[in-house]
Amino acid sequence: MPNASAMQELHLNGSGPTTNGVSNGVSNGNGYSSNGVNGHTNHMNGNGTLVPMKCTCKNGTNGTVANSDSNNNKGHEKCTFHHDLELDHKPSTREDLLPYMSKSYRMLLSSLGEDPERQGLLKTPERAAKAMLFFTKGYDQSLEEALNGAVFDEDHDEMVVVKDIEMFSMCEHHLVPFYGKVSIGYLPCKKILGLSKLARIVEIFSRRLQVQERLTKQIAVAVTQAVQPAGVAVIIEGVHMCMVMRGVQKINSKTVTSTMLGVFRDDPKTREEFLTLCNNK
């Protein structure tokens, strides 16, 4: 098992705080950690200790390994030292994270006073790790991949609304779920988006550690990037388990967030039309 300092570097979501002067890091499938100690990339050796990783780009003279220069990216465009995939939350192989995550869950069970060796918990760490990878699979998905070219030229300038898209996400504050429905509207400018792609955009950004406010805006911005419409509107109605099963424990509470861009923000009539369509059953 990695030692304590190594475990501090295994920040699987790339945003968690660290202690003892170790800055934020992300572990990838090869045991590397970006943004490691003192801002350098590190890897974990067989003894579970972190070792600084050096640039291995063969862009030197006659194909020799060049000296690393973290301030000059020229010639290092494909070098993971300079452009670590984890900066985009894209581990090379997600399954390679399972051993580290499983050990963390096993440690958590022990900290709770449980016996990880008892029958009911023997495979729980691995199951929990696989589940967390699924819950956060949006980190490995891009807008381009989701659209898959499904943007079409069409002389249509009337509102398009897809409502009640089911959404499941994870609260980044407590690591418990929140879920609900998303309604998206946009006003095309000669381009339309395949209808299922709106649901896929929701999936990309909801399958991450999130807050509902940011999720709402990310969906709206993604639709804008996809088809450059005259405007985009997104409404999310969510139920947060951090308010239901802990804390204030208000089981009937719902959170509604909205983002209005372009004509939906500027024109009250357009916004009213969208809200009316969303409220119609």
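Some points to look at:
- With only the Cα atoms considered, the stretch 152-196 has a convex hull volume of 84 Å³ per residue.
- Packing-based ranking, highest mean first, of 253-263, 227-237 given that Cβ atoms within 10 Å are counted: 227-237, 253-263
- The stretch 144-272 - charge dipole about Cα centre, Lys and Arg +1 at Cβ, Asp and Glu -1, debye rounded to 20: 600 debye
- Rounded to the nearest 10 square angstrom, Met107 shows an accessible area of 80 square angstrom against a 1.4 Å probe.
- The stretch 153-281, Rg to Rh (Cα coordinates; Rh as Kirkwood inverse mean 1/r): 1.00
- When the charge dipole of the stretch 108-177 is built from unit charges on Cβ atoms (+1 for Lys and Arg, -1 for Asp and Glu) and taken about the Cα centre, the candidate among Leu112, Val176, Ala146 whose Cα reaches farthest toward its positive end is Leu112.
- All distinct Cα pairs of the stretch 169-240 go into the 1/r average, and the inverse of that average, the Kirkwood radius, is 12.5 Å.
- For the stretch 105-179, the square roots a ≥ b ≥ c of the C-alpha gyration tensor eigenvalues yield an a/c of 1.5 or more together with a/b exceeding b/c, which makes the shape prolate.
The values are calculated or read from the model by the stated rules, or taken from the named source; none is laboratory data. Fair warning: this is a prediction, and the values are worked out from it, not measured in the lab. Backbone-built Cβ (ideal geometry, glycine too); neighbour counts: all protein chains shown. To get the accessible areas, we keep the full protein, side chains included, count just its heavy atoms, and leave off ligands, DNA and RNA. Shrake-Rupley method; radii C 1.70, N 1.55, O 1.52, S 1.80 Å.
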